[in-house]
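The structure appears right after this line, and notes come after that.
Just so it is clear, none of the values below were taken in a lab; they were calculated from the coordinates. Keep in mind it's a predicted model, so treat the numbers as computed, not measured. Heads up, the Cβs are rebuilt from the backbone with ideal geometry, glycines too, and the neighbour counts pull from every protein chain shown.
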Amino acid sequence: MSDLKDLIARQRAKIEQRVVEPLDVVVDGEVVHLVFSRISTDDWQQLVAEHPPRTFRDSEQGRPKKLVYADSTIGYNQHKLPRDYPAASITVNGEDIDQVTWAELYSVLATAHQNNVGTVIWGLNVFDAITELEKLGKAGAGLLSSLPANRASRRAGSKASSQPK
């Protein structure tokens, strides 16, 4: 059990490290330097819960709602979540920003810059954990990762290769 407590302590220290990512965007022809910080796991989970993937109705009556594909792949509304990212975890040109001003700034960014903001935020809060799991999965006996998507594609691949041609 002491090994588990040691693992927990090391993980807690890792989570509490300040991880930042810079991003330059253009606003009215001027470069604006943004720096984002990773937020706590609990804060990230709360933010994701508050911004579920968008849905749309199929054109046929009676069809269930469908998830917007881009949102469903990451598990949240990729347009709204970045706007509500905690301003305490963002600096603009080296200065702190309040939540209302961040939402205003985000709303006037070109789509490409909004997408880049979303990618940076996802990278800070999700990507490292996924790559760590993937590396550990591939390291174990030289096998592919244990991620559910990889298991599904292995099953699909084995079914396809066993089909007569």
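The residues Ile90, Ile97, when put in order of fewest to most other Cβ atoms within 10 Å, stand as Ile97, Ile90.
What number comes out for the charge environment of His79, summing +1 per Lys or Arg and -1 per Asp or Glu over other residues with Cβ under 9 Å away? Summing Lys/Arg as +1 and Asp/Glu as -1 gives +2. Measuring nothing but alpha carbons in the stretch 31-136 and taking Rh as the Kirkwood radius, the Rg to Rh ratio lands at 1.03.
If R0 is taken as 22 Å, the Cβ-Cβ distance between Gln45 and Asn115 corresponds to a FRET efficiency of 0.45.
Segment Arg10..Val35, full-extension length gain: 6.4 nm, with 0.36 nm per residue of separation and the alpha-carbon distance subtracted.
Listed by Cβ neighbour count within 10 Å, with the fewest neighbours leading, Asp6, Asp28 appear as Asp28, Asp6. The ranking of Ser89, Ser72 from fewest to most other beta carbons within 10 Å of each one's beta carbon is Ser72, Ser89.
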